[in-house]
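Every read-out reported here was derived from the displayed coordinates using simple, explicitly stated rules and does not represent laboratory data. Note that the structure is predicted; figures quoted are calculated from it, not measured. Cβ coordinates were reconstructed from backbone atoms using ideal geometry, including for glycine residues, and neighbour counts include every protein chain displayed.
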């Protein structure tokens, strides 16, 4: 950031609204929004996103005392929820999340009543500028997190080997969305760049309004996809939209005049955080520096994730889809009948510690796997039964052939398998074409 840019951002209005009296509705709306969104940001991943530069793991605030106890009590006594609440699952639309939102609304309403009864000041211009600063960076942190998880294609990966052989009709709506986007890494990167751009623009006071507009457009698309593909982040995405609108609220009239009424608008008067120009320059530099650190840590986290669980992660030494050509159990060759649920149809090796076995009826059993290349040994375990195990030795007489011999469920096993060429899948080999004489829609 250039010195002139810092000076431009630092030369802010002392506070154009400091002496203006807000309407009663404005004061009530601000009090409620201040309480609700401060509590909301402090009780979920938003506050954690602002401290992504801390290397130690920070626990989710909502799952600890007293919030966890409050939500559990309200769920049981107000909403008559009898089943145990789920606290960690990857979903943002759990019963816990909805009850927490209700509790925050209730606490905010009570706080609003107390605040309104005890405070008669004519405006909250000074408090608002700090609140808006907090919301700006809270929103920017989430845009960086979600955006960079797409710039480095992690959130929606390319279809896995198991997905390539799974019937389309077995996909959930969320699975369809996830792997449709994942099948086009270029589009996923583009979408991630748009989200990251919104976060970057929020860092600078001068581009805050533009950044909030970019975020709003991005988040409206995300919310629409969540609603139409049943992605369990609906509640969270809706709150991010509201946060973008909060940032835009001071410029609502200017935006309406410019975009809807085709009127000339004056330059935005961004209120200064401090009375001293020197302190304002330091404040702008601090905001930009914090934003850069936040961006950098999210870049590092996404890049690290690429090599831990993304496309750059280690693969199984036996990587591939293996069709079971011959399956023998206790010396008896089992014909490939759809009614034989003991026989395997395919074995899919993708990740180093897991294998997927497809039975003849299409059901898939995921097993823990340990491959010892030096000893040519394969050990399988069940995740739900630690006492169950299978031990095999393997041979690869050719790159596309794998022979397994061993014991499973106290039965002697012999399997001969053939490797499926991944490049023969149309989704993998189709590629991009500038010139197409006819549509190719299969």
Plugging the Cβ-Cβ distance of residue 436 and residue 384 into 1/(1 + (r/R0)^6) at R0 = 41 Å yields, to the nearest 0.05, a FRET efficiency of 0.25
DSSP-defined beta bridges in segment 320-426 - what % are antiparallel, rounded to 5: 100
What FRET efficiency comes out for the pair residue 330/residue 227, r = Cβ-Cβ distance, R0 = 35 Å, nearest 0.05? 0.10
Full extension between residue 21 and residue 259 adds, at 0.36 nm per residue less the Cα distance, a length in nm of 83.0 nm
Mean-square fluctuation maximum in Gaussian network of the chain, Cα pairs under 10 Å, restricted to 123, 298, 330, hits 330
Kirkwood-type radius of segment 176-253, with distances r between different C-alpha atoms, in Å: 13.3
Running a GNM on the chain with Cα contacts under 10 Å, which residue among 80, 254, 343 ends up with the highest mean-square fluctuation? 80
Isotropically averaged projected area of segment 320-426, using the convex hull of Cα atoms (one quarter of hull area), nm²: 7.3
Given R₀ = 60 Å, FRET efficiency for residue 361-residue 28 by Cβ-Cβ distance, to 0.05? 0.45
Here, the chain modelled as identical Cα point scatterers in vacuum has Debye log10 I(q)/I(0) at q = 0.06, 0.11, 0.13, 0.14 Å⁻¹ of -0.39, -1.01, -1.24, -1.35
Return P(r) of segment 154-193 (all Cα-Cα pairs; 10 Å bins starting at 0; whole %; ordered from short to long distances). 31, 53, 15, 1
The rounded separation in angstrom of the Cα centers of segment 379-436 and segment 119-191 is 34
Provide the gained length on full extension for the span residue 396 to residue 220, in nm with one decimal, where the gain is 0.36 nm per separating residue minus the Cα-Cα distance. 58.2 nm
Across all directions of projection, what mean area in square nanometres is found for the Cα convex hull of segment 209-360? 16.4
